[in-house]
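Reading through the structure tokens given below for one structure.
The values are calculated or read from the model by the stated rules, or taken from the named source; none is laboratory data. What you see is a predicted model; the values in this text were computed from it and never measured. Methodologically, a virtual Cβ is constructed for each residue, glycine included, from the backbone with ideal geometry; neighbour enumeration extends over all protein chains shown.
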Amino acid sequence: MKILTGPFEQIITMNGLPLNGPAGDDRLEIIQRGGMVIENNRIIDIGGFENLRKKHTAEIEEINGSYILLPGFIDAHTHLCYAGSRSRDYAERIAGSTYREILEKGGGIYDTVDHTRRASFRELSDLTEQRIMKHFENGITTMEIKSGYGLNTVEELKMLEVIRHLDKRTPPDLVATCLAAHVVPLEFSSSEAYLTHIIQDLLPLVREKDLSGRVDIFIEKDAFSPEESFLYLSKAKKMGFDVTVHVDQFTSGGSDIAARIKAVSADHLEVIDDSHIRMLIDQDVVQTVLPGASIGLGMPFAPARKILDAGGCLAIASDWNPGSAPMGDLLTEASILSASQKLNFAETMAGVTFRAARALSLTDRGRLDIHMKADFVAFASNDYREILYQQGQLKPAIIWKNGNKHIKHT
Ligand SMILES: [Zn+2]
């Protein structure tokens, strides 16, 4: 059955904007008093509401009031499947302790690993579902979620199975990524032994159970070295996984691995330099910046403006995690990044829509166009500029996922 939804004050389609490099607000396609025709979860027509009403025999889902419509947001990097809180770490950090000092005291990530391992499937699923639904109500209709707090075969599989379970149970699409190589677990004496264990024991099961098609690794001084990461990712790629990497957050050296391995995306990039930005562009690697981690850690943002000006494909993701990015509010984080890095509306929204889709190798979402998924969000306003101006305080009032309308508040 065809449904015509509208009219909307402005539909910002995101069509015509480039996949790479700068994009001006003057290039935004804005349909005034627009509508969309949806059939079988897809957009089959888009344009002026009155024209569509004449052209199609469709059930009309009339929208009363002034709304701005955008594609549903895509968060290409989260760790929102976890148990426990790290508020104690946060208190210590804002009182002056460093990330490393907290880690050395046995806090940090190992605390989350401990809580996540001790949580039952049901407990972990309930906690994760609450976060997914909060994210969905803030307009995130597709979200990536990483494992990485299990750090052994049984517990990593538990996390990935929770994500799959919730993909069926909750409205948004969930993209699972295996981040077993997050940090070396305390039970292993060397990173080499642990990576061998993942390759030999875990990844074949992930494939067999079809739990994830993506593998990630944290390349950093306290985690895995660039050289061993390259070997690990090469093996994962041979097994058929797409690869993505955490690089250049505190120390540089990881982004050339991302380029050499031709990762789908290189994420973090707070300390990346010009030559490495170029290297990633040359290999067509999406550069995903994570402002939530900079806000959580009180550190400078990744050089998003430079990445765009060099011609990069810039995605913006929340990195929602209990340690460094507890806020988990993608629109607020992207708004703050845009003010700091001078990203205009088109560039900021591209980073959380079609460019984020690219970071997840998805081509059927992120723009409002014919054949695209009917995933979109409506803000109660008559001017799109209000969205970034209100810095995340103006939330979507209505969210559509696969054409199904979810009203949050009117
Ligand atoms: Zn991360």
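Residues that are outside any helix (DSSP H, G or I) and either free of Cβ contacts under 8 Å to residues at least 24 places away in the same chain or within 16 Å of the ligand (Cβ to nearest atom) (or both) are absent from region 367-380.
Going through region 116-135 one residue at a time, which ones are buried (at least 21 other Cβ atoms within 10 Å of the Cβ) and either hydrophobic (A, V, I, L, M, F, W, C) or not in a helix (DSSP H, G or I) (or both)? The answer is A119, L124, I132. Among the residues of region 250-272, those identified as at pLDDT below 95 and within 13 Å of the ligand (Cβ to nearest atom) are F250, G254. Could you check, for region 17-36, whether at least one of its residues is touching a Lys or Arg at 6+ places or on another chain (Cβ under 6 Å) and not aliphatic (A, V, I, L, M)? Scanning region 17-36, I find no residue that is touching a Lys or Arg at 6+ places or on another chain (Cβ under 6 Å) and not aliphatic (A, V, I, L, M), so the answer is no.
Among the residues of region 297-326, write down those that are farther than 25 Å from P18 by Cα and either within 11 Å of the ligand (Cβ to nearest atom) or in contact with a strand residue (DSSP E or B) (Cβ under 6 Å, 6 or more places away or on another chain) (or both). So that I can check it myself, show each step before the final result.
So the first thing to find is which residues in region 297-326 are farther than 25 Å from P18 by Cα, and the list is 297-300, 320-326.
Of everything in region 297-326, those that are farther than 25 Å from P18 by Cα and either within 11 Å of the ligand (Cβ to nearest atom) or in contact with a strand residue (DSSP E or B) (Cβ under 6 Å, 6 or more places away or on another chain) (or both) turn out to be W320, N321, G323, S324, A325.
Counting residues in region 90-97 that are in a helix (DSSP H, G or I), touching a Pro at 6+ places or on another chain (Cβ under 8 Å) and more than 16 Å from the ligand (Cβ to nearest atom) gives one or more.
Taking region 194-238 as the range and being farther than 18 Å from G148 by Cβ, over 24 Å from the mean Cα position of the chain (by Cα) and of a type in the set (A, V, I, L, M, F, W, C) as the test, only L231 passes.
Outside any strand (DSSP E or B), in contact with a helix residue (DSSP H, G or I) (Cβ under 7 Å, 6 or more places away or on another chain), outside the structural domain of P303 (by TED's automatic domain parsing) and not hydrophobic (A, V, I, L, M, F, W, C): does that describe G392?
Numbers: outside any strand (DSSP E or B): yes; in contact with a helix residue (DSSP H, G or I) (Cβ under 7 Å, 6 or more places away or on another chain): yes; outside the structural domain of P303 (by TED's automatic domain parsing): yes; not hydrophobic (A, V, I, L, M, F, W, C): yes.
Criteria met by G392.
For I140, the criteria (1) in contact with a His (Cβ under 7 Å, 6 or more places away or on another chain); (2) within 22 Å of A356 (Cβ to Cβ) hold in every case but one, which is (1). It is to be established whether one or more residues within region 100-115 are more than 16 Å from the ligand (Cβ to nearest atom), touching a residue at least 60 places away in the same chain (Cβ under 8 Å) and surrounded by 24 or more Cβ atoms within 10 Å (Cβ to Cβ). No: zero hits. In region 273-296, of all residues being farther than 21 Å from F354 by Cβ and hydrophobic (A, V, I, L, M, F, W, C), the one that is farthest from the ligand (Cβ to nearest atom) corresponds to M279. The test for being closer than 18 Å to I217 by Cβ and either buried (at least 16 other Cβ atoms within 10 Å of the Cβ) or more than 16 Å from the ligand (Cβ to nearest atom) (or both) does not hold for T142.
Here D364, D329, D383, D375 are screened, and the one residue that is in contact with a Phe, Trp or Tyr (Cβ under 7 Å, 6 or more places away or on another chain) and either acidic (D, E) or surrounded by fewer than 18 Cβ atoms within 10 Å (Cβ to Cβ) (or both) is D375. Taking the criterion of being away from the ligand (no atom under 16 Å from the Cβ) and more than 27 Å from H371 (Cβ to Cβ), the residues of region 59-80 that qualify are N64, G65, S66.
Would you call L280 within 27 Å of A95 (Cβ to Cβ) and touching a strand residue (DSSP E or B) at 6+ places or on another chain (Cβ under 8 Å)?
On the way: within 27 Å of A95 (Cβ to Cβ): no; touching a strand residue (DSSP E or B) at 6+ places or on another chain (Cβ under 8 Å): yes.
Answer is no for this residue.
Among the conditions (1) surrounded by fewer than 20 Cβ atoms within 10 Å (Cβ to Cβ); (2) more than 14 Å from the ligand (Cβ to nearest atom); (3) touching a residue at least 40 places away in the same chain (Cβ under 8 Å), the only one that F241 does not satisfy is (1).
Kindly establish whether G34 is at positive phi and surrounded by 18 or more Cβ atoms within 10 Å (Cβ to Cβ).
Values: at positive phi: no; surrounded by 18 or more Cβ atoms within 10 Å (Cβ to Cβ): yes.
Considered against the rule, which asks whether it is at positive phi and surrounded by 18 or more Cβ atoms within 10 Å (Cβ to Cβ), G34 comes out as no.
When region 145-170 is limited to residues that are within 16 Å of the ligand (Cβ to nearest atom) and not in a helix (DSSP H, G or I), the one that is surrounded by the fewest Cβ atoms within 10 Å (Cβ to Cβ) turns out to be G150.
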